[in-house]
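Heads up, the thing below is written out as structure tokens.
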């Protein structure tokens, strides 16, 4: 058998391999790159004396609970305030914003003077992330995060804000109303 006949006998398999490597591999990357991350929230039992619609943030558990009716809540993992920046007690939702711009508060700017005065909304470097739910406390919000800061969710890392995964803060944003009660507990 000539070399040509040996080659041509394997040509369909070789062409299939080349086609799948050249055409399908980039498509697989495209599919993986565009699939959003899975949200981390879950519905849980929630014993307590809070009415539905109240947001309870547990500093110790590093969880935010949106209380539902019937002893249930939606639980979200969060980053809470680092040591010395904690707060507790009652607050209210003051506003809701989609991809807001962010200006670092004086305390953050003091620790990170390299930060610009304003980071535009939608920027991949904006620590507010996809949504911000502002509270009636000075410079405190429940907000999303940047890709680089995702790993901080579940830790004590913020300057007083409550940091969430973007996919979770989008879910919470759709569920809470301006004026709703927020409780920070130890």
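The values are calculated or read from the model by the stated rules, or taken from the named source; none is laboratory data. Since this is a predicted model, take the numbers as computed values, not measurements. Here the Cβ is made from the backbone with ideal geometry for all residues, glycine too, and neighbour counts use every protein chain on show.
When you go through 120, 124, 113 one by one, which is the residue that is surrounded by fewer than 19 Cβ atoms within 10 Å (Cβ to Cβ) and touching a helix residue (DSSP H, G or I) at 6+ places or on another chain (Cβ under 8 Å)?
Only one candidate qualifies: 124.
Being assigned by TED's automatic domain parsing to the domain that holds residue 47, in contact (Cβ under 8 Å) with a residue 40 or more places away in the chain, in contact with a helix residue (DSSP H, G or I) (Cβ under 8 Å, 6 or more places away or on another chain) and in a loop (DSSP other than H, G, I, E, B) is the requirement here; does residue 129 meet it?
yes
Hey, among the residues in segment 41-55 that are surrounded by fewer than 16 Cβ atoms within 10 Å (Cβ to Cβ) and at pLDDT below 90, which one's nearest to residue 176 (Cα to Cα)?
42
Could you count how many residues in segment 127-173 are out of contact with any strand residue (DSSP E or B) (no Cβ under 9 Å at 6 or more places or on another chain) and under 27 Å from residue 52 (Cβ atoms)?
Going through segment 127-173 one residue at a time, the tally reaches 1.
Could you please find all residues in segment 56-71 being out of contact with any helix residue (DSSP H, G or I) (no Cβ under 8 Å at 6 or more places or on another chain) and either under 14 Å from residue 172 (Cβ atoms) or buried (at least 20 other Cβ atoms within 10 Å of the Cβ) (or both)?
Those that are out of contact with any helix residue (DSSP H, G or I) (no Cβ under 8 Å at 6 or more places or on another chain) and either under 14 Å from residue 172 (Cβ atoms) or buried (at least 20 other Cβ atoms within 10 Å of the Cβ) (or both): 56, 57, 63, 65, 67, 68.
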